[in-house]
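Presented below is the structure to which this report refers.
The values are calculated or read from the model by the stated rules, or taken from the named source; none is laboratory data. These figures come from a predicted structure and were not determined experimentally. Here the Cβ positions follow ideal geometry from the backbone for every residue, glycine too, while neighbour counts run over all protein chains shown.
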């Protein structure tokens, strides 16, 4: 909500590539920070990392908005639909991969717990 307008203003000064790169780097840094959380990590720290991730996402999404803004009026609907479809497909694939990894980890943990209980 805050990062998109800020990213758009920054876009006018430095260009889409720089704003998108900054957004992706901020997102990567926040995801790295999120990888260090544990069960004892305070909620405020986790929320801070997620806010940083949201700022990065807002900056990296500016290029999508700007892309549609500079197209001819008769093509903007088509491109907007393609962008939204690609985003939805990416989200579905990401969730499917995440569930597959979690399921594999749960199955491995079950097998290891059965082995350790026999010992």
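Please find, among 29, 44, the residue that is surrounded by 12 or more Cβ atoms within 10 Å (Cβ to Cβ), in the same structural domain as residue 11 (by TED's automatic domain parsing) and over 18 Å from residue 13 (Cα atoms). Lay out the reasoning, then the answer.
Working: 44 fails: surrounded by 12 or more Cβ atoms within 10 Å (Cβ to Cβ).
Checking each option against the conditions leaves just 29.
Is segment 11-19 home to any residue that is loosely packed, with under 14 Cβ neighbours inside 10 Å, within 23 Å of residue 85 (Cα to Cα) and modelled with pLDDT under 95? Let's see the steps before the verdict.
Start the filter on segment 11-19 by keeping residues that are loosely packed, with under 14 Cβ neighbours inside 10 Å, which leaves 12-15, 17-18.
This time we only want the ones that are within 23 Å of residue 85 (Cα to Cα), so: 17.
So of that shortlist, the ones also modelled with pLDDT under 95 come out as 17.
The answer is yes, given that some residue of segment 11-19 is loosely packed, with under 14 Cβ neighbours inside 10 Å, within 23 Å of residue 85 (Cα to Cα) and modelled with pLDDT under 95.
Can you confirm whether residue 7 is modelled with pLDDT of 90 or more, surrounded by 10 or more Cβ atoms within 10 Å (Cβ to Cβ) and either under 19 Å from the mean Cα position of the chain (by Cα) or not in a helix (DSSP H, G or I) (or both)?
Details: modelled with pLDDT of 90 or more: no; surrounded by 10 or more Cβ atoms within 10 Å (Cβ to Cβ): yes; either under 19 Å from the mean Cα position of the chain (by Cα) or not in a helix (DSSP H, G or I) (or both): yes.
No, not satisfied.
Of the conditions (1) in the same structural domain as residue 7 (by TED's automatic domain parsing); (2) more than 15 Å from the chain's Cα centre (by Cα); (3) modelled with pLDDT of 90 or more, residue 39 clears all except one; give me its number.
So residue 39 meets the others, but not (3).
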